[in-house]
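Read the structure below first, then the notes.
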Amino acid sequence: MKPPVTSCVPATPRAPGTVLGRLFLLFLLVPIADLSLLVAVGGRIGLVPTLALVVLTAAVGSWLARREGLRAWTQVRHRLQMGQIPGDALLDGLLVFASGVLLLTPGFLTDLAGIAGLLPPTRRWLRRVLTARFGRRWVVAHPASAARPEPGIEDADVVSETVGHNVASARL
């Protein structure tokens, strides 16, 4: 017997323009703020120390991203081997990936946000916030509530034969 399949569907649909507008503002304002902070710090402590700080945050961030990414991957594998759904571990992996992307962007704000996302206590807090926020917006649809296929058809074998070749069989 096949295990039940669940899927996530939005509980309330959102207007497409809302998300696009927010992303546009994010991609516009974050680089401007980051560049302004880099210029201000560079004006205060000088070019070489500012560049050294950027390199230092990149080095610390890449080390943390590797360590935490491997930790998340190990948790996913372990939970799968135990027959459990690795929801928290997958979300941790996604947060580590997003933090790594933030570290790729040069600047102090994005580097600080990226390093914060790589720290386990901050990541636990982010995971709780995201789960609470998206848990209200998404509902899980169970197969029992979904429309069933034609009555009497639960499982089928498909067999295809080609003259002169092996028989191919697949279980649906």
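Has region 71-87 got at least one residue that is surrounded by 12 or more Cβ atoms within 10 Å (Cβ to Cβ), assigned to a helix (DSSP H, G or I) and modelled with pLDDT under 90?
yes
So which of Ala40, Ala52 ends up being surrounded by fewer than 13 Cβ atoms within 10 Å (Cβ to Cβ), among the aliphatic types (A, V, I, L, M) and under 24 Å from Phe27 (Cβ atoms)?
Checking each option against the conditions leaves just Ala40.
Of the residues that sit in region 102-121 and are in contact (Cβ under 8 Å) with a residue 24 or more places away in the chain and not aliphatic (A, V, I, L, M), which one is surrounded by the fewest Cβ atoms within 10 Å (Cβ to Cβ)?
So, considering only residues that are in contact (Cβ under 8 Å) with a residue 24 or more places away in the chain and not aliphatic (A, V, I, L, M), the one surrounded by the fewest Cβ atoms within 10 Å (Cβ to Cβ) is Pro120.
Being modelled with pLDDT under 85 and loosely packed, with under 11 Cβ neighbours inside 10 Å is the requirement here; does Gly135 meet it?
No, not satisfied.
The values are calculated or read from the model by the stated rules, or taken from the named source; none is laboratory data. Please read these numbers as outputs of a predicted model, since none were measured by experiment. Backbone-built Cβ (ideal geometry, glycine too); neighbour counts: all protein chains shown.
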